[in-house]
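Values in this text are rule-based calculations from the coordinates and carry no lab data. Please read all numbers here as calculations on a predicted model, not as lab measurements. Glycine gets a Cβ as well: all are built from the backbone with ideal geometry, and neighbour counts include every protein chain shown.
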Amino acid sequence: MSHSEASAGPPAFSIVIPVYNEEESLEELLASIETAMKALGRSYEIVFVDDGSIDGTLDTLKRLSQIRRHVRVFSFRRNLGKSQALLCGFQMAAGDYVLTLDADLQDDPNNLRPMFDHLTSQRADIVSGWRKERRDNALKVASSRLFNRVMVRLLFGFSFEDMNSGLKLYKADVARELRLYGGMHRFIPLIASEMGYRVVEFAVKHNERKYGSSKYPPAKILTEVPDLLTMFFLIKYTTKPLHFFGRIGSALFAVGFACLAYLTILWTQSIPIGTRPLLTFGVLLVLIGGQTVFTGLLADLIVNVNQNKRQEFPLRHVSDRTAGP
């Protein structure tokens, strides 16, 4: 079945590609996707999300979308990051399944067929590509393994072989349920697993980078450690922040209250307490503990207000022939 023959209804696959300064690779990438999808024989669309590129990426995407009806382009006014680009692509995707891949030609579109077979046979919600024979420098590979196999396991009790792979296949409704910001795209398998979705990995072919340089240097792992700690808090307490703040606040309040109770007993025995540092310490702990609990209450209210809120994006360009009038 050709794409044109199936374009009357929603496509079977939406291929979402976040792009940032990848002008040189776009035409070759598009050709490889079209070849792979022609062999697959299923209807599809390609959704490019330009993350505020400053080279000729947007001009190239505009030109490509004008001669291909199945190519849709969304462009941010400024660089918002990969998480926001993916989130935009998920919201705009019209297919039953969503495939994400990077625009640097390292992800092979021919992986789609075996990944789809694996998703179906495993009854999974997400198949995450595992770059088993990764074509990157040794330092980058080593830092990735340290992050995936050691740090993640220490915090969460389980890990993935290659959590940060850009090549992933989703059921569309699952992709739309994800709420991403900051560097959260690196933790999608963790987030989805904690949401109750079944995530499996599948060994995929990985190519060497052909153009430009990586947007992800090995030193990036230094920023991932605090991100991972933030992720731990968000996964464990994002829907129940009062549990986190409440425990800390209650502990502080209890210690402060015990200090003041002890001083009260001394005071009833006519022992001076006004100059004791313990009095100041106890009062501070009670106040800080109470404020911490109150912070948890406010956080709970914010979570409830913002739940299911649809994200808007500062788009500067949209090339979308599927949009209504």
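A few notes on this one:
- Net length available on complete extension from PHE281 to TYR211 is 19.1 nm, with 0.36 nm assigned per residue and the Cα-Cα distance removed.
- Under Karplus coefficients 6.51, -1.76 and 1.60, residue-wise ³J(HN,Hα) of region 80-87 in Hz, glycine/proline x: 10, x, 5, 4, 5, 5, 5, 4
- For region 241-306: rounded, prolate or oblate by the Cα gyration tensor [a/c cutoff 1.5]: prolate
- Karplus 3J(HN,Hα) series, Hz, for region 240-250 with 6.51 cos²θ - 1.76 cosθ + 1.60 (x for Gly, Pro): 8, x, 4, 5, 6, 5, x, 5, 5, x, 5
- Given charges at Cβ of Lys, Arg, Asp, Glu: region 10-238 dipole, positive-most of PRO189, MET92, LEU169: PRO189
- Remark: for residue pairs LYS132/LYS168; LYS82/LYS168; LYS38/LYS82, the C-alpha separation exceeds 18 Å in LYS38/LYS82.
- Sequence-distant residues sharing a close amide H with GLU201 (under 5 Å, placed H): SER128
- Amide H partners (placed H, <5 Å) of ILE46, local residues excluded: ILE15, VAL71, ARG72
- Relative contact order of region 10-238, pairs being alpha-carbon contacts under 8 Å that are 6 or more residues apart, as %: 24
- Computed lengthening from PHE232 to TYR181, 0.36 nm per intervening residue step minus Cα-Cα distance: 16.9 nm
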